[in-house]
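This report concerns only the one structure given below.
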Amino acid sequence: LEINKVAAKYFYMLLRSPQGAHALQYFEERKLSKETMQHFGLGYSNKYSDDLYQYLKKQGYEDELLKDSGLVTIDERRGGHDKFWNRAMFPIMDANNRVIGFGGRVMGEGEPKYLNSPETMIFDKSRNLYGLNFARSSRRPHILLCEGYMDVIALHQAGFDNAVASLGTSFTSGHANLLKRYTKEVYLTFDSDGAGVKAALRAIPILKEAGLTAKVINMRPYKDPDEFIKALGAEEYQKRIDTAENSFMFEIRILEQQYDMHDPESKTKFYNAVAEKLCTFGEKLERDNYIAAVADKYMIGIEDLRRLVNQYGAKIGMAAGGAPPVRERSELRREQGSEKKKENGMIQSQKLLLTWLIEHTGLFPKIEKYISPEDFTEEIYHKAAEILYEQYRNTGTVNPAKIVSMFQNEEEQREIAGLFHATIRGVETEGDKENGGYSKETFEKALKETIVRVKQNSIEYHLKNMAPTDMAA
């Protein structure tokens with residue numbers, strides 16, 4: 001963290017020196033004010049490929065630590081050389097305003113055009129968002145999700161201080177869970193080209209899975225927020241926010257483009273595809289509302305569409321062995337939960353590990369090395385782990401009442417309260433009281449096995465849910 005901070009200051013200084021004149025001109029041509037450049041700590045990495053390395057060496061930092069920082073590459077032939085050189089620099093900060101990495105845009109010709117810091121001990125692309133350090137304290141009720149650094153900066157400069165972007169990687173469930181801490185509603189303001197539409201279609205189900213409402217802002221006829229604001233200004237962009245499209249209706253509109261709506265056969269196929277998507281709504285009221293909205297927009301009788309949805313649901317039910325076509329989400333959750341318990345007992349393992357963390361505060365530094373809140377894949381335990389880990393890191397103690405109070409649902413409150421009074425079957429003995437009544441050997445064995453089970457499940461879960469194109473993950 002210290003090295004990244006020193007590097008950010010050095011890049012900042014270089015941008016405002018004669019060496020950084022062309023990078024400063026680039027930012028000025030992008031219509032960024034001096035205040036905005038200062039706010040985001042923008043900088044420049046020198047054209048010499050070992051400039052930062054030599055500077056940091058003079059500050060007394062050793063090669064091994066510089067290598068771990070991700071800013072420098074060390075090899076026997078070339079010695080130390082910089083990851084970034086001759087680039088306009090964008091410091092990346094975590095939610096607590098600490099510099100954890102950088103993005104760099106090449107000046108002149110060169111590939112890649114944009115380069116990001118590699119993953120390090122402090123920089124995880126799937127768990128950080130550019131601009132979140134500012135957006136988290138915005139008074140706006142929603143967050144704007146962009147594709148690039150310049151979009152975020154342009155929006156902030158125009159007064160939209162709630163804009164963030166992923167860090168050169170596909171949007172992930174880690175990003176969605178991070179956003180969930182600060183908002184309930186996310187507005188997608190991706191590029192209006194084909195790649196931007198695909199990115200939006202990938203992000204929408206991830207946001208929904210995290211329990212967030214998603215809307216899509218129409219940038220046309222401009223490519224991105226940066227271009228739009230330069231051309232039409234902040235007031236017109238606010239109008240686009242106010243008229244943002246419901247994410248499901250956006251998905252249907254994009255789906256429609258695959259069909260010839262003037263051909264009866266193709267049109268029928270489109271309605272069947274829509275019916276299939278409508279079956280994904282587990283709650284009857286929500287499903288009925290969307291059936292009505294789709295029927296109104298696409299000129300189909302509401303009862304005709306409802307029958308089609310039920311027919312499609314019945315087909316799904318028959319394929320699954322006669323299950324009812326469309327059931328309430330709570331019923332599905334209960335069934336899925338019981339299947340999970342039968343399959344692997346993973347719910348019990350995650351609950352057990354949380355109970356031990358709560359009962360034995362001395363275990364936290366040991367368990368933290370291997371298990372993070374992201375490893376708790378059950379949503380309720382993931383949230384509890386986030387609160388618990390935050391309490392440990394801030395105070396070194398556990399506040400049971402505060403953890404329980406973070407849950408609104410009465411059933412969830414009972415479940416979390418149970419973590420504070422749970423007994424662990426199969427390991428109780430009359431042994432060492434310090435280990436909750438378990439012998440030291442039995443307790444250590446059970447703890448190790450539980451950590452391994454939870455970690456193994458986490459790896460399998462994240463492998464299954466990662467974007468196919470996310471090579472870093």
Take the range 87-107 and flag every residue that is basic (Lys, Arg) and either in contact with a Cys (Cβ under 7 Å, 6 or more places away or on another chain) or not in a loop (DSSP other than H, G, I, E, B) (or both).
Arg87, Arg105
Can you find a residue in the range 73-87 that is closer than 30 Å to Arg393 by Cα, touching a residue at least 24 places away in the same chain (Cβ under 8 Å) and in contact with a strand residue (DSSP E or B) (Cβ under 9 Å, 6 or more places away or on another chain)?
no
Subset of the range 431-473, residues modelled with pLDDT under 70, surrounded by 14 or more Cβ atoms within 10 Å (Cβ to Cβ) and more than 33 Å from the chain's Cα centre (by Cα), comes to Gly431, Asp432, Asn435, Gly436, Gly437, Tyr438, Ser439
For the range 115-145 the number of residues that are open to solvent by 40 Å² or more (accessible area, probe 1.4 Å), under 16 Å from the mean Cα position of the chain (by Cα) and free of Cβ contacts under 8 Å to residues at least 60 places away in the same chain is 2
Which condition breaks for Ala234 when tested against (1) more than 16 Å from Ile153 (Cα to Cα); (2) open to solvent by 30 Å² or more (accessible area, probe 1.4 Å)?
(1)
Restricting to the range 362-398, name every residue that is within 16 Å of Gln413 (Cα to Cα) and open to solvent by 40 Å² or more (accessible area, probe 1.4 Å).
Glu379, Lys383
So, in the range 184-231, how many residues would count as being surrounded by 15 or more Cβ atoms within 10 Å (Cβ to Cβ), among the hydrophobic types (A, V, I, L, M, F, W, C), within 18 Å of Gly148 (Cβ to Cβ) and free of Cβ contacts under 8 Å to residues at least 40 places away in the same chain?
3
Report whether or not Ala165 is crowded, with 24+ Cβ neighbours inside 10 Å and of a type outside the set (S, T, N, Q).
yes
Just the residues that are crowded, with 18+ Cβ neighbours inside 10 Å and small (Gly, Ala, Ser), please, taken from the range 1-35.
Ala7, Ala8, Gly20, Ala23
Any chance Gly110 is free of Cβ contacts under 8 Å to residues at least 60 places away in the same chain, open to solvent by less than 40 Å² (accessible area, probe 1.4 Å) and either at positive phi or not in a strand (DSSP E or B) (or both):
yes
Of the residues in the range 36-50 that are under 29 Å from the mean Cα position of the chain (by Cα) and within 30 Å of Gly79 (Cα to Cα), the one that is surrounded by the fewest Cβ atoms within 10 Å (Cβ to Cβ) is Gly41
If the Cβ limit is 8 Å and pairs must be 6+ apart or interchain, which residue in the range 15-43 that is part of a strand (DSSP E or B) and small (Gly, Ala, Ser) pairs with which residue that is surrounded by 13 or more Cβ atoms within 10 Å (Cβ to Cβ) and modelled with pLDDT under 95?
none
Which count do you get for residues in the range 166-198 that are part of a loop (DSSP other than H, G, I, E, B) and of a type in the set (D, E, K, R)?
4
I'm checking my understanding of the structure. Among residues of the range 155-165 that are on the phi < 0 side of the Ramachandran plot and either acidic (Asp, Glu) or in a loop (DSSP other than H, G, I, E, B) (or both), which one is farthest from the chain's Cα centre (by Cα)?
Ala158
Mind checking which pairs have a first residue in the range 251-268 that is closer than 12 Å to Leu201 by Cβ and in a helix (DSSP H, G or I) and a second that is open to solvent by 70 Å² or more (accessible area, probe 1.4 Å) and of a type outside the set (Ser, Thr, Tyr), Cβ under 9 Å, 6 or more apart or different chains?
Ile252/Lys297; Arg253/Lys297
Could you check how many residues of the range 57-79 are closer than 22 Å to Asn116 by Cβ and assigned to a loop (DSSP other than H, G, I, E, B)?
5
Any residue that is farther than 21 Å from Ser349 by Cα and either open to solvent by less than 30 Å² (accessible area, probe 1.4 Å) or at pLDDT below 80 (or both) - is there at least one of those in the range 415-430?
yes
Of Arg287, Arg240, Arg327, the only residue that is open to solvent by less than 70 Å² (accessible area, probe 1.4 Å), basic (Lys, Arg) and at pLDDT 95 or above is Arg240
Residues of the range 68-91 that turn out to be in contact with a Ser or Thr (Cβ under 7 Å, 6 or more places away or on another chain) and open to solvent by 80 Å² or more (accessible area, probe 1.4 Å), as a count:
1
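Do we find a residue being in contact with an Asp or Glu (Cβ under 7 Å, 6 or more places away or on another chain), under 18 Å from Ala23 (Cβ atoms) and open to solvent by less than 70 Å² (accessible area, probe 1.4 Å) anywhere in the range 51-65? Working first, answer last.
Going residue by residue through the range 51-65, those that are in contact with an Asp or Glu (Cβ under 7 Å, 6 or more places away or on another chain) are 51-53.
Checking the rest, the ones that are also under 18 Å from Ala23 (Cβ atoms) come to 51-52.
From the residues that got through so far, the ones that are open to solvent by less than 70 Å² (accessible area, probe 1.4 Å) too are 51-52.
Yes, the conditions are met somewhere in the range 51-65.
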Positions within the range 96-107 being surrounded by fewer than 18 Cβ atoms within 10 Å (Cβ to Cβ) and either touching a residue at least 40 places away in the same chain (Cβ under 8 Å) or touching a His at 6+ places or on another chain (Cβ under 6 Å) (or both), in sequence order:
Arg98
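The values are calculated or read from the model by the stated rules, or taken from the named source; none is laboratory data. Since this is a predicted model, take the numbers as computed values, not measurements. Glycine gets a Cβ as well: all are built from the backbone with ideal geometry, and neighbour counts include every protein chain shown. SASA here: full protein model, heavy atoms, side chains in, ligands and nucleic acids out. Shrake-Rupley method; radii C 1.70, N 1.55, O 1.52, S 1.80 Å.
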